[in-house]
Amino acid sequence: IQQQTRHVTVQGVETEQGYISCEYFVNTAGIWAREIGRKTKPPVRIPICPAEHFFMTYKPHKDLEGRNLPNVRDYDNQVYVRQFGSSFMMGAFEREARPYDVVKHGTDPDWNQIKEEHWNHMRPYIKAAQDRLPILKEMEYTHDALLNNPDAFTPDGRWILGETPEVGKYFVS
């Protein structure tokens, strides 16, 4: 087995304020990590798929005050529920989430406006979460409880953590 050595390692970063010399570079840019990787010379491939992530919050419930409950992730129904103060937050991790276009949406201030179609989209996930945690059937939420934020997903749903194969001392987290 012949061990290959990298011919390219991080030397610094060119910014709008000028060049910054550095020994290591850590790309923690989330949904923009892929775009930053493409700007590297040579380019670094980061398999991030920015996608819309819908989640919602419930109104506070007196029985949750002072509690510390575990997070629940139901992989079969693609939902998660976690305590959010004296309330719950519920969201969907969809197998085929709507892509989030970092170029288009970066200039569209209304991309995350919640519409009735989003509520229709979320109803099966809300029901699945209620079936998993029946207390959610008692919990109230308002029409403005549904939110949409971009999130970074990988094709296999796992973390990207470590040094890149293309450029030495270039790390992704």
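Just a yes or no: is a residue in the range 113-122 surrounded by fewer than 14 Cβ atoms within 10 Å (Cβ to Cβ) and of a type in the set (S, T, N, Q)?
yes
Quick one: in the range 10-29, which of the residues that are open to solvent by 30 Å² or more (accessible area, probe 1.4 Å) and in contact (Cβ under 8 Å) with a residue 40 or more places away in the chain is farthest from A152 (Cα to Cα)?
E23
Collect the residues in the range 84-111 that are of a type in the set (G, A, S), out of contact with any Asp or Glu (no Cβ under 9 Å at 6 or more places or on another chain) and part of a loop (DSSP other than H, G, I, E, B), keeping them in residue-number order.
Across the range 84-111, the qualifying residue is only G106.
Among what's in the range 123-148 and is among the small types (G, A, S) and closer than 19 Å to V72 by Cα, pick the residue that is surrounded by the most Cβ atoms within 10 Å (Cβ to Cβ).
Among residues in the range 123-148 that are among the small types (G, A, S) and closer than 19 Å to V72 by Cα, the one surrounded by the most Cβ atoms within 10 Å (Cβ to Cβ) is A129.
Only one residue in R45, R123 is among the basic types (K, R), at negative phi and in a helix (DSSP H, G or I). Which one?
R123
Name the single residue that is nearest to the chain's Cα centre (by Cα) among those in the range 149-164 being touching a residue at least 60 places away in the same chain (Cβ under 8 Å) and open to solvent by 60 Å² or more (accessible area, probe 1.4 Å).
N149
Looking at G91, G85, can you tell me which residue is open to solvent by 50 Å² or more (accessible area, probe 1.4 Å) and small (G, A, S)?
Step by step, each of G91, G85 is checked, and only G85 is open to solvent by 50 Å² or more (accessible area, probe 1.4 Å) and small (G, A, S).
The values are calculated or read from the model by the stated rules, or taken from the named source; none is laboratory data. Model, not experiment: these values are computed from the prediction. Ideal geometry is used to build each Cβ from the backbone, glycine not excepted, and the neighbour counts take in all protein chains shown. For the accessible areas, the whole protein counts, side chains as well, though only heavy atoms, and no ligand, DNA or RNA atoms are used. Shrake-Rupley method; radii C 1.70, N 1.55, O 1.52, S 1.80 Å.
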